[in-house]
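Please treat every number below as a calculation from the coordinates, not as lab data. These numbers come from a predicted model, not from an experiment. Virtual Cβ from ideal backbone geometry, glycine too; neighbours counted across all protein chains shown.
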Amino acid sequence: MTETLHATAVAIAVDADGPLAGVLILGGSGSGKSALALSLIETCPHQRTALVADDVVLVEAIGGRLLARAPPAIAGLIEVRGFGPVKARTIASVPLALAVDLEAPTERVPALERFVAAATGESIAIYPFVWAGVEATAPHRLRRMMATILGGQNPQRTQDRDPVQD
């Protein structure tokens, strides 16, 4: 079963030849979803990060994972606010590894939350993500988050726990 979301999906390259991993960017209209996606694509040091879908993302569970793709009518296009849709480096679909919410309240180390696809019940980790005011570092921070998750770091971020309390 496919779920339609108001979101943006990007396939992120964290190295020169490894698999691409998907991020689902959530937020309301004008929150910066498309701008963050374009920034990720244009600043990729490997020239491999690609748009999956902008503004409307189709999400379905396949083999226990959430897969993102674009509706055919908007595939390959990303909105540049104040200009309109433009073509971008694109990939047809990507397994989602994490989601970020541009409008969620942020803490230094937030509690682990899950984005659950209503249609399937499958889930991925979701993190609040500061975009406004720190746009220049956003693609680097998100690429580092993805590399850390793909590298197997505990999603509970144990490095921030007080060892005396554990």
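Which order do the peptides 128-134, 46-52 take when ranked by the mean count of other beta-carbon atoms within 10 Å per residue, highest first? Kindly include the intermediate steps, with their values, before the conclusion.
Numbers: 128-134: 14.3, 46-52: 20.4.
Going by the mean number of other Cβ atoms within 10 Å, highest first, we get 46-52, 128-134.
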Helix-only mean residue ellipticity at 222 nm for the chain, each DSSP H run of n ≥ 4 adding -39500 (n - 2.57), per residue, nearest 500: -4000 deg cm²/dmol
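If I take every Cα pair under 8 Å that is 6 or more residues apart in the chain, average their sequence separation and divide by the length, what percent do I get for the relative contact order?
Values: 338 pairs, mean separation 39.2, N = 166.
Rounded, it is 24 percent for the chain.
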For segment 111-118, 3J(HN,Hα) per residue [Karplus equation, 6.51 cos²θ - 1.76 cosθ + 1.60, θ = phi - 60°, Hz, x = Gly/Pro]: 5, 5, 10, 10, 8, 10, 6, 4
Shape of segment 77-118, Cα gyration tensor, a/c cut at 1.5: oblate
Other-chain or far-sequence residues with amide H under 5 Å of ALA99's (modelled H): LEU24, ALA125, ILE126, TYR127
Karplus (6.51, -1.76, 1.60) ³J(HN,Hα), θ = phi - 60°, over segment 72-80, in Hz, Gly and Pro reported as x: x, 5, 10, 4, x, 10, 10, 7, 9
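Under unit Cβ charges (Lys, Arg +1; Asp, Glu -1), what dipole magnitude, rounded to 20 debye, does the chain have relative to its Cα centre?
Working: 14 positive and 17 negative charges, 68 e Å.
So the dipole magnitude of the chain works out to roughly 320 debye.
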Extension gain, VAL130 back to LEU112 (0.36 nm per residue minus Cα-Cα distance, nm): 4.9 nm
Positive-end residue of ALA11, LEU102, ALA61, charge dipole of the chain with Cβ unit charges: ALA11
Positive-pole candidate from SER123, MET1, VAL134, dipole of the chain, charges at beta carbon: VAL134
Shape call, segment 50-127: gyration tensor on alpha carbons, a/c limit 1.5: oblate
Prolate/oblate/rounded call for segment 2-160, Cα gyration tensor, a/c under 1.5 rounded: rounded
